[in-house]
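*Asks:* To start, I am sharing the structure in question, which I have written as structure tokens.
The values are calculated or read from the model by the stated rules, or taken from the named source; none is laboratory data. Please read all numbers here as calculations on a predicted model, not as lab measurements. Cβ: placed from backbone, ideal geometry, glycine included. Neighbour counts: every protein chain shown. Remember, those area values only see protein heavy atoms, side chains included, never the ligands or the DNA or RNA. Shrake-Rupley method; radii C 1.70, N 1.55, O 1.52, S 1.80 Å.
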Amino acid sequence: MAANYDYDEAPATYDDANRQELGYDPNFVPDSVKSFVVHLYRHIREKNVYEIHQMYEISFQKLSDRLFKDTPWPSVDAVAHYVDNDQVFCLLYREMWFRHLYARLSPTLKQRIDSWDNYCSLFQVVLHRVVNMQLPNQWLWDMVDEFVYQFQSFCQYRAKMKNKTEQEIALLRQFDQAWNVYGVLNYLQAFVEKSNIIQILEQEKEGIEQFTATDGYDYSGGSNVLKVLGYFSMVGLLRVHCLLGDYQTGLKCLLPIDINQQGVYTSVIGSHITTIYHYGFASLMMRRYVKAIREFNKMLLYIYKTKQYHQKSPQYEQILKKNEQMYALLAICLSLCPQTKLVEETVNSQLREKYGEKMARMQRYDDEAFAIYDELFSYACPKFITPSAPSFEEPLVNYNQDAYRLQLKLFLYEVKQQQLLSGVRTFLKVYSTISLGKLANYMEVDEPTLRTILFSYKHKTHAVDSDGKIISNADVDFYIDDDMIHVVESKPVKRFGDYFLRQIVKLEGVINDMDRIRLE
């Protein structure tokens, strides 16, 4: 097992301590790193997925914490001869090298461009050569996730033109294809197409394929790399399109994955959360509130039940952050589309604790309410990007907030349009039938204006789903017959199971606490 190897738990040698005193030398390779690289290379050649996963998830993190807290790992040239100068391994090592650099330090523009070049080389190999490897799903997901993150980071960095040096501007001009939006989308799309993943998932429904049953691994001795990268690239495409504000295309890219079922995307916690977060956010922006509420509810309940198992994971902080963002998005959805019956008791109690007071104020649709919508959206939305190249002409300006401001403006415009609807809904909740004249009188508008408001209510409480069907988000619906409004209210389904489960968990917690107390 990986934990037995000396690279993992070995005490710091004289060389290691000496190196930290002298500063970073990219060509110095500590013994523990030599051992790590040699073993990882061997396990990749032997397709030993379990050991690769142990080394990738545990040993790499431990060595990073111990030896490379605030410096990069040794350069690829320094370790290449320990792994027979294997091209694919060196590309994988550099992928990890850059990911560590982004996580612990601030990459320079040259390093950002080099990372793009490395991804291009690695992806070209996977797409155009026979790659006879099995890699853990966690690593393959991280590859796609980091690729999209570095693209987003580069767009944000490039958009801050104000304080760029002449050297940086010269580099941006020279390498204008680095992290180009079409290049990023083309690679992700190429993985989807070359892997035939859409056909594989279709065949799985017919019982011909076993992709999900085996978590994407190939137990017949083949490779899982291209297929799983193709699968995760669909999630990557959803995320990129969300960053660009193209929610319809993003949701379309995810269609082959049935998010109502367990899938390979649920086998990695980061992938699971990213998928649902972006699916929910895109659905919110497309006014598919019910779908967004359902998915946020399921994901938040899942995190609530399982987060203690991920406390030692490198992704733990990200899990907690996305958890808080999804609660903010759920608060927005429920304020625009009050469907509390879709939310489990546990999630609802957490939501009330975090946002109960703000949600009550959001119902008033005054200036204070709009300020809260603004605050929650700004906190919970993705970091939108402007993918186009900057203007290099003077004066140089920062435009990294432009895309975010546009999406915020569109969102608040939508909220503004819903302002009158809350008044209509309040009256419809009270009556089963009411005449148009009477309701117009109560709302202090004339009948033609009321009809316009009711048409608007119908429009805003219905949305078009991915199949082109019209779906209702309303918990209160109505129809008009001879100037009489007839209200149709959906009856909430009472759920008791979740309540009893929470009480059982509480009781078990009390019993465990009592067992710990030793009676003297």
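*Asks:* Please tell me which of these pairs span more than 26 angstrom C-alpha to C-alpha: Lys252/Lys298; Lys47/Lys205; Lys205/Lys469; Lys252/Lys460?
*Replies:* As for pairs spanning more than 26 Å Cα to Cα, those are Lys47/Lys205.
*Asks:* Where Rh is the Kirkwood radius over the Cα pairs of segment 107-413, the temperature 4 °C and the viscosity 1.567 mPa s, what D in µm²/s does Stokes-Einstein return?
*Replies:* For the chosen part, D equals 62 µm²/s.
*Asks:* For segment 327-387 and segment 48-85, write down the distance between their C-alpha centroids in whole Å.
*Replies:* With segment 327-387 and segment 48-85 each reduced to a Cα centre, they are spaced 42 Å.
*Asks:* Determine the gain in length on full extension of the stretch Thr426-Cys120; use 0.36 nm per residue of separation and subtract their C-alpha separation, reporting nm with one decimal.
*Replies:* 104.6 nm is the gain from fully extending Thr426 to Cys120.
*Asks:* Something else now. Kindly provide the helix-only [θ] at 222 nm of the chain, computed as the sum of -39,500 (n - 2.57) over DSSP H runs of four or more divided by all residues, to the nearest 500 deg cm²/dmol?
*Replies:* Result for the chain, helices only: -20000 deg cm²/dmol.
*Asks:* Taking R0 as 25 Å, what's the FRET efficiency between Lys110 and Arg42 from their Cβ-Cβ distance, rounded to 0.05?
*Replies:* On the way: r = 33 Å, r/R0 = 1.31.
My answer for the efficiency is 0.15.
*Asks:* Provide the gained length on full extension for the span Gln318 to Glu166, in nm with one decimal, where the gain is 0.36 nm per separating residue minus the Cα-Cα distance.
*Replies:* 51.2 nm is the gain from fully extending Gln318 to Glu166.
*Asks:* For percent of Cα pairs over 33 Å apart, pick the label among (1) 54; (2) 51; (3) 45 that corresponds to the value derived from the coordinates.
*Replies:* (2)
*Asks:* Still on this structure: Cβ under 14 Å from Gln418's Cβ, Gln418 left aside: what net charge do those residues give with Lys, Arg +1 and Asp, Glu -1?
*Replies:* Here the count lands on +4.
*Asks:* Taking the Cβ of Phe392 as the center, what net charge do the other residues with Cβ under 12 Å away carry, scoring Lys and Arg +1 and Asp and Glu -1?
*Replies:* -2
*Asks:* Let me ask something additional. Per residue, how many Å² of accessible area does segment 111-261 show with a 1.4 Å probe?
*Replies:* Heavy-atom accessible area per residue stands at 42 Å².
*Asks:* OK, next. When N counts the residues of segment 431-488, how does its alpha-carbon radius of gyration compare numerically with 2.2 N^0.38 Å, as a ratio? Working shown, then result.
*Replies:* Working: Rg = 12.8 Å, N = 58, 2.2 N^0.38 = 10.3 Å.
In units of the globular-protein estimate, segment 431-488 measures up at 1.25.
*Asks:* So, by mean Cβ neighbours within 10 angstrom, what's the order for 450-458, 382-390, 91-99 with the highest one leading?
*Replies:* 91-99, 382-390, 450-458
*Asks:* Taking the Kirkwood radius as the inverse of the mean 1/r across Cα pairs, report the Rg/Rh of segment 37-105.
*Replies:* 0.95
*Asks:* Next question. Which of the pairs Lys383/Lys409; Lys358/Lys416; Lys322/Lys409; Lys341/Lys506 have their Cα atoms more than 19 Å apart in this structure?
*Replies:* Correct reply: Lys322/Lys409; Lys341/Lys506.
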